[in-house]
Number of protein chains: 2
Amino acid sequence: MLNLVIAETALETIPVETFRHTSLKKIRNSGKKPTEILLDRTLHHFAILSSNLKQDYKRARPDISHIILLNALATPLFKINQLKVFVHTINNQVIKIKDNVRIPKSYARYEGLILDLIKNKKIVSKDGIVLLELSDNLSFSDLLQTYIKPDIIVGLSINGVFKNFEDISKELFQFKNPCIVVGGFPKGHFSEHIESHLEKKYSISNLSLEAHIVVSRLIYEFEKINNIN
Amino acid sequence: MLNLVIAETALETIPVETFRHTSLKKIRNSGKKPTEILLDRTLHHFAILSSNLKQDYKRARPDISHIILLNALATPLFKINQLKVFVHTINNQVIKIKDNVRIPKSYARYEGLILDLIKNKKIVSKDGIVLLELSDNLSFSDLLQTYIKPDIIVGLSINGVFKNFEDISKELFQFKNPCIVVGGFPKGHFSEHIESHLEKKYSISNLSLEAHIVVSRLIYEFEKINNIN
């Protein structure tokens, strides 16, 4: 069993102060509410800069969570229900991804799904099974302490101690309910709040690896040590 | 050095017979030409079914190539110029991806880039460096025989002989210019033309793995055997 938390993920609806910016007049005129639009640097770059969003370099990249999830949920480990995946966002929302869920490869469909989830707090299948669940105001601490309850918390970060994927997997394998934490943001580091919960912090490469690559490789090595194939 | 060919990739502009379908009236009225639109099942599903496209189950999934490329081009192997990547499409177009190229994580930007490439046959940087190049009417044979000239061609397919990623990488490592072939389509198998060029054909898992997972894991094992990290 492995828990994966994608932390401080750059996934949120557009803040009101950004929505009000003149450059987004067309979007406002379309009749959409800010809660119905994902903040996205591709579309809202100037409005983001002009509205002085805090830590804007860590935000507005919903595509990152999409690619990480496509890599995590297509693995054998997830398919046999041995991987639990949580998306913790920059605004302390937490998405719990249930077993056997597949998310759309099409980004447009993923965006629609997430907006539906943000609005309704749940995505339920035709058979009434909950596929995705969103909790508002669930901090990283609360997610760990009241929900996952891991026996080891390992963060992956460029400023950790060097250790390769194989050795990290061997270490995780010693525990019953390990939790691995990867940043879901484009630039910068974990906040102090996240850092304070990491019992170990490892760096995997001298090259700065993107989160979807890190997640893929770690899950693969964890499968190997568990003889899953 | 490793060559990666993504073969028969579901990447093409919308065929005229599909473009003419009544369900796509809005798109036609927008003034866009069929050569300015990628065929996409998310948007053109009914038109695809109604226009009786040949082998439609293998087509209309441009998102697949995007995700495979995001996984291949973010690897250390590609970053140190030891991985050459070619996208061979279902219509015998070939995209040559030059060293150090990064493609956008945003699907909308990727789509724009590919349409620009299809139109202009090249994407050139501000400094005049060719980043992507598209050849029309370059068959899989021609790509291999006149361009890549590999000393071994290995295909990965669910109907191959079982071999794990580590052992495939060890085998590839014996050669100077090996070529690995992965399908860039959602369902079905390689065509007979592709099959006839594969010197070895391996299956990696009892579970059907998606192409982006296969590509990630193979590149990672190839890096390990080459001591790249």
*Report yes if B:Val214 is of a type in the set (Val, Ile, Thr), in a helix (DSSP H, G or I) and either in the same structural domain as B:His66 (by TED's automatic domain parsing) or closer than 20 Å to B:Leu73 by Cα (or both), otherwise no.*
yes
*State whether the residues of region B:28-39 include one that is among the small types (Gly, Ala, Ser), in a helix (DSSP H, G or I) and not assigned by TED's automatic domain parsing to the domain that holds B:Ile219.*
no
*Would you mind telling me which numbered condition in (1) within 14 Å of another protein chain (Cβ to nearest Cβ); (2) outside any loop (DSSP other than H, G, I, E, B) B:Asn227 fails?*
(2)
*Return yes or no: is A:Leu38 within 14 Å of chain B (Cβ to nearest Cβ), among the aliphatic types (A, V, I, L, M) and surrounded by 20 or more Cβ atoms within 10 Å (Cβ to Cβ)?*
yes
*Any residue in region A:74-85 that is in contact (Cβ under 8 Å) with a residue 60 or more places away in the chain, within 14 Å of another protein chain (Cβ to nearest Cβ) and under 26 Å from B:Asp40 (Cα atoms)?*
yes
*asked:* Condition check: farther than 30 Å from A:Met1 by Cβ and of a type in the set (Val, Ile, Thr). Does A:Thr42 satisfy that?
replied: yes
*Restricting attention to region A:107-122, which residues are assigned to a helix (DSSP H, G or I) and either in contact with a strand residue (DSSP E or B) (Cβ under 8 Å, 6 or more places away or on another chain) or in the same structural domain as A:Lys33 (by TED's automatic domain parsing) (or both)?*
A:Glu111, A:Leu113, A:Ile114, A:Leu115, A:Asp116, A:Leu117, A:Ile118
_Lone qualifier among A:Leu198, A:Leu209 - being buried (at least 18 other Cβ atoms within 10 Å of the Cβ) and modelled with pLDDT under 95_ = A:Leu209
*asked:* Among the residues that make up region B:141-152, is at least one of them within 14 Å of chain A (Cβ to nearest Cβ) and out of contact with any strand residue (DSSP E or B) (no Cβ under 7 Å at 6 or more places or on another chain)?
replied: no
*Considering only region A:126-178, how many residues are part of a helix (DSSP H, G or I), of a type in the set (Phe, Trp, Tyr) and closer than 25 Å to A:Ile213 by Cβ?*
3
*Has region B:174-194 got at least one residue that is among the charged types (D, E, K, R), without any contact (Cβ under 8 Å) to a residue 12 or more places away in the chain, assigned by TED's automatic domain parsing to the domain that holds B:Leu83 and surrounded by fewer than 21 Cβ atoms within 10 Å (Cβ to Cβ)?*
yes
*Only residues that are within 9 Å of chain B (Cβ to nearest Cβ) and over 23 Å from A:Lys84 (Cβ atoms): list them for region A:178-219, please.*
A:Pro186, A:Ser205, A:Asn206, A:Leu207
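The values are calculated or read from the model by the stated rules, or taken from the named source; none is laboratory data. A quick note: this is a predicted structure, and the numbers were derived from the prediction, not measured. Please note: Cβ atoms are built from the backbone with ideal geometry, for glycine as well, and neighbour counts cover all protein chains shown.
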